[in-house]
1. Can you tell me the length gained on complete extension of the stretch Glu135 to Thr85, counting 0.36 nm per residue apart and subtracting the Cα distance?
2. Using only Cα atoms, what is the ratio of the radius of gyration of segment 53-174 to 2.2 N^0.38 Å?
3. Please work out how much length the chain gains when fully extended from Thr31 to Ala196, using 0.36 nm per residue of separation minus the C-alpha to C-alpha distance, in nm with one decimal.
4. Kindly point out which whole DSSP H helices in the chain project their C-alpha atoms 24 angstrom or further along the helix axis while averaging a Kyte-Doolittle hydropathy of -1.0 or above.
5. Which value in nm describes the separation of the simple spin-label points at Ala68 and Phe38, placed 7 Å from the Cα toward the beta carbon?
6. At what distance in nm do the modelled label points of Asp124 and Ser45 sit from each other, each positioned 7 Å from its Cα along Cα→Cβ?
7. In debye to the nearest 20, how big a dipole does the chain give about its Cα centre with +1 on each Lys and Arg Cβ and -1 on each Asp and Glu Cβ?
8. State the Cα centre-to-centre distance between segment 61-124 and segment 13-51 in whole Å.
Amino acid sequence: MGGDFFDAYELPSRPGKVGFIVADVTGKGVTAALVMAFTRAVLRSAAYNGTGPADALVRTNRVLVRDASTGLFVTAFAGEFDTVTGQLRYASAGHEPPLLVRAADGVVRELDLPDAMMLGAFPDFAAVETTVQLEPGDLLVAFTDGVTDAINHDRVRFGDARFQAALGAVAAGGPDHAVEGLLAAIDAFSNGEAAADDITLLAIGRLGDGRLAGGHLAGEHLASGHLAAPSGTA
């Protein structure tokens, strides 16, 4: 059992908007899995009832700080996509910066993320909300550190450089192709070495007509995601 999770959902109070989250609970085992399930529910409720990604993280932190008996914390990246304008609002709580690939040039870039604390650590948590415009053909990939921390038999990490190179090679195919290609690249690099941590990927692409591309969500095309926990964890 692990503590990674991702989620994607329509926002009924804001028509035309879809939200998504990628998060990682510190620690492993049953406790981390329980904290994950609780945090996922709180984050979705906060996203439904809040004003945007930063507000959702602040609301969630308030709940987690009040119930900090586990001593576990959560890193999270929360986004909200406007299916009409293509604008993406996002905020982070100590999470790895997602990667953005522009269709115009194919360059892999880290999304700009202000420094922020993990959820549940301190009551005076503040999240900074940022916006970026997704153009048709652009691809965003959010992930957890299990991706870059994957190792091979020589105990060498997959790392940021290999991850970005692998994404650059598959991004043009869209979210589903990108996730499949990235998982294949990690598997080839690991060459049978067991994963030490959860591996979570969420890819979001904008279609030529402005919709999000990937798996299907209630009439809007949304992201392709993958979540895997290392075997033998409990």
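1. 17.1 nm
2. 1.20
3. So the chain would gain 57.7 nm between Thr31 and Ala196.
4. Membrane-span-like by this criterion, though nothing is claimed about a membrane: 29-49.
5. Each label point lies 7 Å from its Cα, and together they span 1.4 nm.
6. For Asp124 paired with Ser45, the spin-label model returns 2.7 nm.
7. With Lys and Arg at +1 and Asp and Glu at -1, about 460 debye.
8. First find each Cα centre; the distance between them is then 11 Å.
Any read-out appearing in this document is the output of simple, stated calculations on the displayed coordinates, not a laboratory observation. On a predicted model such as this, the values are computed, not experimentally measured, just so you know. Because the Cβ atoms are built from the backbone with ideal geometry, glycine has one as well, and the counts that use them run over all protein chains shown.
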